[in-house]
Amino acid sequence: MSYKPLDTNKTYLVTGAAGFVGYYLSKQLLEQGCRVIGVDNINDYYDVNLKHTRLESLDPFEKFTFIKEDISNKDALENIFIEHKPQIVVNLAAQAGVRYSIENPDAYIQSNMIGFYNILEACRHYPVDHLVYASSSSVYGANKKVPFEESDFVDNPVSLYASTKKSNELMAHTYSHLYDIPATGLRFFTVYGPMGRPDMAYFGFTDKFFAGEPIKIFNNGDFENDLYRDFTYIDDIVIGIERLLSNEPGKEEGAPHKVFNIGNNSPEKLMTFIHSLETALSNALGQKIEFIKEYEPIKPGDVPATYASTEQLQKAVGFKPETTIQAGLQRFADWYVKYYEKKITVK
Ligand SMILES: NC(=O)c1ccc[n+]([C@@H]2O[C@H](COP(=O)([O-])OP(=O)(O)OC[C@H]3O[C@@H](n4cnc5c(N)ncnc54)[C@H](O)[C@@H]3O)[C@@H](O)[C@H]2O)c1
């Protein structure tokens, strides 16, 4: 394995730059002296203050340009490509979340299908050196064989969100094949960390704790046969993406396109994760705390274990995520307590 270091002379277009992953990636690129064009529609799927806080932290970088735009607006996106001539495009803008796709399917079609199609069209007409885009571990649906490998059969998605991500992989493959666009798709496995997404469980549990409310745990309360999940710390995701940016994707069935898992390859019991979060919050607050826990039946369709095989990624760029959940959750808890100015108010 050998990988090319980041080319700091190129212009990087990062969509979803006000989002969790997009913000950290933009910051990393800017800190190394790259020019970054950040695009985001700053939608209100979750607290927009968090998106503004992230953007404020990118503001001081001279080489950062932020454009409030929707990637589903084809003309506007084309103008961004004409004006800024990005050489590397990282598409992270999307409607995320599995459950919300039942409530608001339109948002997924608009951003993930039309928006992604517009990105591909722009890369076709204004050629780029590399397009990297976010897929998701949700493409593995209810697959039972672990670890999940990129070569596994993933034609049975169980949510519209997963369908859009799998569709993105197919669309990218076709565009890559037809127009020779070097492209890499990344299947992220539950990314967490400071300034993360409030719609995710670890964030929601923390909100509930400070609201004095119980958390619901869907594991039958059976800790011996608990569910296992893969959690990936944000810094690991950023290193993984960064290493891929300057590297030609592998050839796959006649197209310069490849899909990688980016996960921890080290599944944790759900209860270990929850106890680690309690410990992290106790440390951050300087006092031992415990969640009020309500155990619920395992949800239909939930599989006992999900985790990534990271062999392909390791082979390609010599890196695999390794941050422990204890270390990662401590950084999240410290940030949360400081950002929301939390003090212990439990009896
Ligand atoms: N965080 C995870 O655990 C995880 C897991 C699997 C896949 N992913 C994927 O990774 C990517 C980044 O996820 P994230 O956690 O940073 O999510 P996020 O919601 O924090 O970031 C996405 C950003 O994109 C913006 N956006 C949405 N639709 C847009 C549109 N049409 N035009 C312009 N901007 C738009 C949103 O305002 C948001 O700021 C997404 O594609 C997501 O589906 C994330």
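Summary table
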quantity: Test: residue in region 52-73 that is aromatic (Phe, Trp, Tyr), over 26 Å from residue 195 (Cβ atoms) and more than 19 Å from the chain's Cα centre (by Cα); calculated: no
quantity: Residue tally, condition open to solvent by 50 Å² or more (accessible area, probe 1.4 Å) and within 9 Å of the ligand (Cβ to nearest atom), over region 198-230; calculated: 1
quantity: Yes/no for residue 93 being part of a loop (DSSP other than H, G, I, E, B), open to solvent by less than 40 Å² (accessible area, probe 1.4 Å) and modelled with pLDDT of 95 or more; calculated: yes
quantity: Residue among 122, 134 that alone is near the ligand (Cβ under 10 Å from one of its atoms) and either small (Gly, Ala, Ser) or closer than 21 Å to residue 173 by Cβ (or both); calculated: 134
quantity: Residue among 143, 168 that alone is part of a loop (DSSP other than H, G, I, E, B) and of a type in the set (S, T, N, Q); calculated: 143
quantity: Number of the exception - residue 77 against (1) open to solvent by 20 Å² or more (accessible area, probe 1.4 Å); (2) more than 8 Å from the ligand (Cβ to nearest atom); calculated: (1)
quantity: Matching residues, region 96-119, being more than 8 Å from the ligand (Cβ to nearest atom), at pLDDT 95 or above, open to solvent by 10 Å² or more (accessible area, probe 1.4 Å) and hydroxyl-bearing (Ser, Thr, Tyr); calculated: 117
quantity: Total residues in region 274-321, condition over 21 Å from the mean Cα position of the chain (by Cα), under 18 Å from residue 231 (Cα atoms) and open to solvent by 50 Å² or more (accessible area, probe 1.4 Å); calculated: 3
quantity: Flag for residue 22 being buried (at least 23 other Cβ atoms within 10 Å of the Cβ), more than 8 Å from the ligand (Cβ to nearest atom), under 20 Å from residue 72 (Cβ atoms) and among the small types (Gly, Ala, Ser); calculated: no
quantity: Residues satisfying the stated conditions in region 31-50, i.e. in contact with a strand residue (DSSP E or B) (Cβ under 8 Å, 6 or more places away or on another chain) and open to solvent by 10 Å² or more (accessible area, probe 1.4 Å); calculated: 35, 40, 41, 42
quantity: Counted residues, region 51-60 - those being open to solvent by 50 Å² or more (accessible area, probe 1.4 Å) and small (Gly, Ala, Ser); calculated: 0
quantity: Candidate set from region 171-197 (those that are among the β-branched types (Val, Ile, Thr) and assigned to a loop (DSSP other than H, G, I, E, B)); member that is least open to solvent (accessible area, probe 1.4 Å); calculated: 181
quantity: Condition met for residue 124 (of a type in the set (D, E, K, R), surrounded by fewer than 17 Cβ atoms within 10 Å (Cβ to Cβ) and closer than 21 Å to residue 248 by Cβ); calculated: yes
quantity: Complete set of residues in region 144-169 that are under 30 Å from residue 51 (Cα atoms) and open to solvent by 50 Å² or more (accessible area, probe 1.4 Å); calculated: 158, 160
quantity: Any hit, region 172-185, residues being of a type in the set (S, T, N, Q), modelled with pLDDT under 95, more than 10 Å from the ligand (Cβ to nearest atom) and over 23 Å from residue 69 (Cα atoms); calculated: no
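The values are calculated or read from the model by the stated rules, or taken from the named source; none is laboratory data. As the structure is a prediction and not an experimental result, all values here were calculated from the model. Because the Cβ atoms are built from the backbone with ideal geometry, glycine has one as well, and the counts that use them run over all protein chains shown. Accessible surface areas use protein heavy atoms only, side chains included; no ligands, DNA or RNA. Shrake-Rupley method; radii C 1.70, N 1.55, O 1.52, S 1.80 Å.
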